[in-house]
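To start, the structure itself, in structure tokens.
Derivation of every value follows stated rules applied to the coordinates shown; laboratory data play no part. Just so it is clear, the model here is predicted, and its values are computed rather than measured. Please note: Cβ atoms are built from the backbone with ideal geometry, for glycine as well, and neighbour counts cover all protein chains shown.
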Amino acid sequence: MDIALAPHAHDEHPHGLMRWLTTTNHKDIGTLYLWFSLSMFLFAGALAMVIRAELFQPGLQLVDPMQFNRLTSMHGLIMIFGAIMPAFVGFANWQVPLMIGAPDMAFPRLNNWSFWLLPVAATLLLASFFVPGGALAAGWTMYPPLFIQGGIAYDMTILAVHVLGLSSIMGAINIITTILNLRAPGMTLMKMPLFVWTWLITAYLLVAVMPVLASVITMLLTDRHFGTHFFNAAGGGDPVMFQHIFWFFGHPEVYIMILPAFGIISTIIPTFARKKLFGYTSMVYAVASIALLSFIVWAHHMFTTGMPVAGQLFFMYSTMLIAIPTGVKVFNWVATIWRGSITFETPMLFAITVVCLFTIGGFSGLVLALVPVDIQLQDTYYVVAHFHYVLFSGAAMSIMGGVYYWLPKWTGHRYDETLGKWHFWLTTIAFNLTFFPMHFLGLAGMPRRIPDYALQFADFNMIASLGGFVLGAAQLLFVYVVVKCIRGGEPAGERPWDGADTLEWTLPSPPPYHSFTTPPKID
Ligand code: CU1
């Protein structure tokens, strides 16, 4: 296959640091996002290692309670905004233009700016560890009244979250415009790869809820410094209102972190099952329904705040409704695998495991949606187990599967399949060792965000900590496999995966200039 490439106007490019600072190329920016995400993942993971070391046995040994609060708060905040979201934007930058036959993102300079805001926000957050009073310790959810009382680090956190939100909104606008305007001829909406669909819907969620987050943290800022009483009961305000506004952002945010993962899984499974994705149309509608439902379930995070029974029932049933489109997706993935000619390369291992483990996280979510049960389990380790099954074995392991899947495309080399499988098995086993016992700890009543615990929780905590250390170490192997693949290896060729037949693999890279107005000439 030979495709004529139109000559580009300029062939002069800056080198070194200037290349990365000034780049408007979607692949360069995708690469920057992915490296940023990896470094934040390792940093927030290091915080988690300290948490697990402290919880290895009962008593206080490594950190004082306030430092422990800082560890859990910053671990959550950085994993969400620094690791998971930027990784998905990185994937979108790399793959969306290739998947729809666009020459680049719609707004390349905006794209550059979206990325370079991230190191600014990260610097603010990291510097907040070293200011008087220390970093955010009021939980990643920033609840008042505790948040109102924090030191200057809390203002730095507000500013950092503003900057992160700005970056996300600009990224989302870019992705929506790219998908709606730059598709190649014949690439109708219902022919787009599912990864593109999931990102289109995610981008709308981002545009809808990031301004809500920005508003609520601005209200925190004015409560802290400008004499307002939005969340101060003594001044006529209401601290519970913060939770309502925060979770109106926070619940769709959960889907912002999982819908692109669904897109990655829906890309990997058909390739290695060598079948078309089962139920494409129902997949699109399932993603759209999950996104719509995500706006009407927020108060399931607030069942213990004193809510009328009618409210509890509404949020309980609306939450349970989400299981239906999610079940449609899981059914379709299984039906895609069914009677396929399957091979088990590392990306497929990750994809199948995500389907299984994310489903466990979905079921514990259904358990927590039940009001009487949630009132017992609120703020216990059951909740911690639940959202790590969703966010680690759902989102993070999809990202890992996606990295292995696209590494040959990104680097031109094959990664080390043996080491990749080692990374997969170590991650999967250690992950379950770390987080499955937390279900039992939560059911037995162990509270989250507390550095010490009663003696009867000691055994499961020791297992969780040992699992956690292996899980952390396994990610160093991941970094090694990625770096090794970048530095060299067996050439990947044009089509590294037998079974991949979407545009991103069949078009040359980059696609022909103006491929969206001139169909590629294929001999
Ligand atoms: Cu939620």
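The table that follows gives values for the structure above.
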{"read-out": "Local electrostatic count, LEU466, Cβ distance below 12 Å [Lys/Arg +1, Asp/Glu -1]", "value": "0"}
{"read-out": "Globularity index of the stretch 195-281, i.e. its alpha-carbon radius of gyration over 2.2 N^0.38 Å", "value": "1.62"}
{"read-out": "Dipole of the chain, positive direction: furthest Cα of THR267, LEU476, GLY151, with charges on the beta-carbon", "value": "THR267"}
{"read-out": "Residue order, fewest to most surrounding Cβ atoms within 10 angstrom, among LEU32, LEU426", "value": "LEU426, LEU32"}
{"read-out": "Simple spin-label estimate for VAL50 and LEU110 in nanometres, 7 Å along Cα-Cβ", "value": "3.9"}
{"read-out": "Residue among GLN61, THR502, TRP94 farthest towards the positive dipole end of the chain, charges placed on Cβ", "value": "THR502"}
{"read-out": "Fraction in percent of alpha-carbon pairs per bin - 10 Å, the stretch 110-175", "value": "23, 44, 25, 8"}
{"read-out": "Spin-label pair LEU292/VAL373, simplified geometry with 7 Å Cα→Cβ offset, distance in nm", "value": "2.7"}
{"read-out": "Ratio of Rg to Rh over the stretch 443-513 (Cα coordinates, Kirkwood Rh, two decimals)", "value": "1.32"}
{"read-out": "Charged-residue dipole, Cβ positions (Lys, Arg, Asp, Glu), the chain about Cα centre, Debye nearest 20", "value": "580"}
{"read-out": "Inter-centroid distance (Cα atoms) of the stretch 192-250 relative to the stretch 100-129, Å", "value": "21"}
{"read-out": "Within the stretch 28-155: Cβ-based charge dipole about Cα centre, in debye rounded to nearest 20 (Lys, Arg +1; Asp, Glu -1)", "value": "60"}
{"read-out": "Alpha carbon Rg of the stretch 270-418, scaled by the compact-globule rule 2.2 N^0.38 Å", "value": "1.23"}
{"read-out": "Restricting the stretch 216-282 to trypsin sites (Lys or Arg not before Pro) in coil, as DSSP defines it, with at most 16 other Cβ within 10 Å", "value": "ARG274, LYS276"}
{"read-out": "Viscosity 1.306 mPa s, temperature 10 °C, Stokes-Einstein D of the stretch 1-123 from Kirkwood C-alpha radius, µm²/s", "value": "94"}
{"read-out": "Cα-only Debye scattering, the chain: base-10 log of I(q)/I(0) at q = 0.06, 0.09 Å⁻¹", "value": "-0.28, -0.64"}
{"read-out": "Contour excess over end-to-end distance, with Cα ends at HIS229 and PHE130 and 0.36 nm allotted per residue", "value": "32.7 nm"}
{"read-out": "Nearest-20 debye value, the stretch 145-298 charge dipole, Cβ charges on Lys, Arg, Asp, Glu", "value": "860"}
{"read-out": "Exposure rule at most 14 other beta-carbon atoms within 10 Å, DSSP loop GluC sites (Glu not before Pro): the chain longest free segment", "value": "13-493"}
{"read-out": "With 10 Å bins from 0: P(r) over the stretch 96-227, alpha-carbon pairs, percent", "value": "12, 33, 26, 17, 10, 2"}
{"read-out": "For ASP223, ASP379, order by how many other beta-carbon atoms lie within 10 Å, fewest first", "value": "ASP379, ASP223"}
{"read-out": "Over 23 Å (Cα to Cα) - which of LYS329/LYS484; LYS329/LYS409; LYS276/LYS409; LYS329/LYS421; LYS191/LYS275; LYS421/LYS484 fall in this group", "value": "LYS329/LYS484; LYS329/LYS409; LYS329/LYS421"}
{"read-out": "Contour excess over end-to-end distance, with Cα ends at LEU455 and THR22 and 0.36 nm allotted per residue", "value": "150.3 nm"}
{"read-out": "Fraction of the pair-distance distribution of the stretch 352-426 above 13 Å, Cα-Cα pairs, percent", "value": "71"}
{"read-out": "Simple spin-label estimate for HIS15 and ASP498 in nanometres, 7 Å along Cα-Cβ", "value": "4.2"}
{"read-out": "Theoretical ellipticity at 222 nm over the chain - DSSP helices of four or more residues, -39500 (n - 2.57) apiece, nearest 500", "value": "-22000 deg cm²/dmol"}
{"read-out": "By average C-beta atoms within 10 angstrom, highest first, the peptides 480-492, 324-336, 92-104", "value": "92-104, 324-336, 480-492"}
{"read-out": "Reduced Cα scattering model of the stretch 33-82, Debye log10 I(q)/I(0), q = 0.13, 0.14, 0.16, 0.30 Å⁻¹", "value": "-0.32, -0.36, -0.46, -1.07"}
